[in-house]
């Protein structure tokens, strides 16, 4: 079974430029998460989707960040315009959803973003 | 919301010794506690998890204990090997729609 897929793996941009990250979750996983991981810290949730609905986006900086999950499968996270402080690893994760074993989150390899 | 504190931030052990990482959480509604291992430049990988209806869980050389009353849980790695070197994250999640809150991580270095 394929794991969570993310692209690109690395991205270097200049500040004020836009950038987009893509995630394909594990097949059959209804819940998709986007996390940001700063150097030396644990992942912090940006947004969670249940199918195509964003159910928790309280930590998403909505002035510059946007996300979508059309058709409840793949998802895209966008930053426009990027700032120096956005440099981090952006992790996508997915889970079956619900309680019990459905809570287990599986992470993708992440996109390492560097804003110059 | 939930707050998870993790100690120590770095841990150096000799190969073959045991390693213990401790985490505390603040939300008494938390009932799911996973541990992730992250090697440099790689994805976090689940190594073990425990739910609040269980006090201890073991899987070969790793074990997790949970004390609901004191709101703390610990990861124990026995007979450490160089490939155990990585950053380990604890996390806690309240039931229902609660989000998974991660600790700051512990850098474990196993020296031969």
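Considering only residues in the range A:107-116 that are out of contact with any helix residue (DSSP H, G or I) (no Cβ under 8 Å at 6 or more places or on another chain) and either buried (at least 20 other Cβ atoms within 10 Å of the Cβ) or at positive phi (or both), the one that is farthest from the other protein chains (Cβ to nearest Cβ) turns out to be A:111. Evaluating residue B:58 against the criteria (1) away from every other protein chain (no Cβ under 14 Å); (2) crowded, with 16+ Cβ neighbours inside 10 Å; (3) over 30 Å from residue A:10 (Cβ atoms) leaves one unmet condition, (2).
Conditions tested, residue by residue: (1) at pLDDT below 95; (2) within 11 Å of chain A (Cβ to nearest Cβ); (3) surrounded by fewer than 13 Cβ atoms within 10 Å (Cβ to Cβ).
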site	(1), (2), (3)
B:11	no, no, no
B:16	no, no, yes
B:35	no, no, no
B:64	no, no, no
B:84	no, no, no
B:100	yes, yes, no
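The values are calculated or read from the model by the stated rules, or taken from the named source; none is laboratory data. Everything numeric in this text was worked out from a predicted model, so none of it was measured. Note: ideal-geometry Cβ built from the backbone for every residue, glycine included; neighbour counts use all protein chains shown.
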